[in-house]
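Notes follow once the structure below has been shown.
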Amino acid sequence: MRKVRKALIPAAGLGTRFLPATKTIPKEMLPVVDQPILLYVIEEAVRAGIEDIILVAGRGKHAIEDFFDRSYEVEDQLLKSGRKDLLERIVRIRDMANIISIRQKEALGLGHAVYCGHPVIGDEDFAVLLGDEIMHTEKDEPTVIAQLSQIFSETGLSTVAIMEVAAAEVEKYGIIAGEKTAAGYFKITDVVEKPARHLAPSRNALPGRYVFTSKIFDSLKNAKPGKNGEIQLTDAMAAIAKSEGMIGAYFKANRYDAGDKLGYLQANIEFALMREDLGPQLKAYLKELAAKL
Ligand code: UTP
């Protein structure tokens, strides 16, 4: 059984859809209710048994690093004021995994961000979780990365999450071509980055959760800029699909594209509704508001 122990989280994009908020703060650090988007993503990886988290950050790297460091001032204040529950939450964050921070000096594309992790990951298998997407699963259910890791350990092939999108949405995603297997997965034959609707090989899109063998680095090493002048992860994936083979699998989770304004607002509302301390009040407010709309 091959076990995935490392996860890479790219968080070095420019976040232009969230400007001006993201001029100084990486979008992955924007809060959903009261914790950064990034923390939900890390929790997903940790619940899947990941031990080392490689964060690829750009501008605003310090905001990310500081978040996982001890803050004597904050912890001392919480201790003195007897806020034990909050203190425990803060301490748990810094102890939850080994956080390794890497810099992507220039936002040259997602493929380049993943390649920046090569010196740390070496020839190990690893997971990639986009730092601006939240996948919610119940506490007793496997997280999306756990679902992919399970298939990976059974097949030994790179395994990526896929989801069906509307025809009008294909141009926002990487789209796979593939053949359905007896096990209900897809054997991926090609990957196309943000195709025009009439050129899309399917409606199966890549939402941003992957488990790769280290062979992906070989493809990324010599990758040339692709669509939009960026080094695309999808181009390297297409090469792996054609050489080693790659599996696409539907996942079970509620997905929030928190890097998009509407997805971000939806995540805030839904996560707040799930909270005991906020849910009932927010629900009453939303009902009142809906009646006025
Ligand atoms: P996105 O395309 O959603 O991020 O990349 P972006 O470019 O920051 O977004 P907009 O369109 O300008 O608002 C998906 C993920 O890949 C990371 C981003 O931080 C995000 O988590 N990324 C993207 C990098 O780390 N480096 C890059 O060069 C590009």
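Kindly identify the stretch 144-204 as rounded, prolate or oblate by the Cα gyration tensor criterion: order the square roots of the eigenvalues as a ≥ b ≥ c, call it rounded if a/c is under 1.5, otherwise compare a/b with b/c, prolate if a/b is larger, else oblate. Prolate, because a/c is 1.5 or more and a/b exceeds b/c. For the chain, a simple Cβ point-charge model (Lys and Arg +1, Asp and Glu -1, everything else neutral) yields a dipole of about 520 debye relative to the Cα centre.
Taking GluC sites (Glu not before Pro) across the stretch 189-293, the ones in a DSSP loop with at most 11 further Cβ atoms lying within 10 angstrom of their Cβ are E276.
Is the C-alpha gyration tensor of the stretch 182-293 telling us rounded, prolate or oblate? Criteria: a/c under 1.5 is rounded; beyond that, a/b larger than b/c is prolate, otherwise oblate. It is prolate, given that a/c is not under 1.5 and a/b is the larger ratio.
Applying a DSSP loop filter and a limit of 15 other Cβ atoms within 10 Å to the GluC sites (Glu not before Pro) in the stretch 1-80 leaves E51. Working note: 222 nm ellipticity from helices only, DSSP H runs with n ≥ 4, each -39,500 (n - 2.57), summed and divided by the residues of the chain, gives -10500 deg cm²/dmol to the nearest 500. Counting only DSSP beta bridges whose two residues both lie in the chain, roughly 55 percent are antiparallel. Each Lys and Arg contributes +1 and each Asp and Glu -1, all at the Cβ; summed about the Cα centre of the stretch 94-143, the dipole is approximately 360 debye.
Calculated on the alpha-carbon coordinates, the convex hull of the chain measures out at 158 cubic angstrom per residue. As I understand it, the value is the acute angle between the Cα axis of helix 84-95 and the longest principal axis of the Cα atoms of the chain; what does it come to in degrees, rounded to 10? For 84-95 against the chain, the angle is about 30 degrees.
Loop-located chymotrypsin sites (Phe, Trp or Tyr not before Pro) in the stretch 116-215 (DSSP state not H, G, I, E or B) with no more than 11 neighbouring Cβ atoms inside 10 Å do not occur.
Every number here is computed from the coordinates shown, using simple stated rules; none is lab data. Model, not experiment: these values are computed from the prediction. Note: ideal-geometry Cβ built from the backbone for every residue, glycine included; neighbour counts use all protein chains shown.
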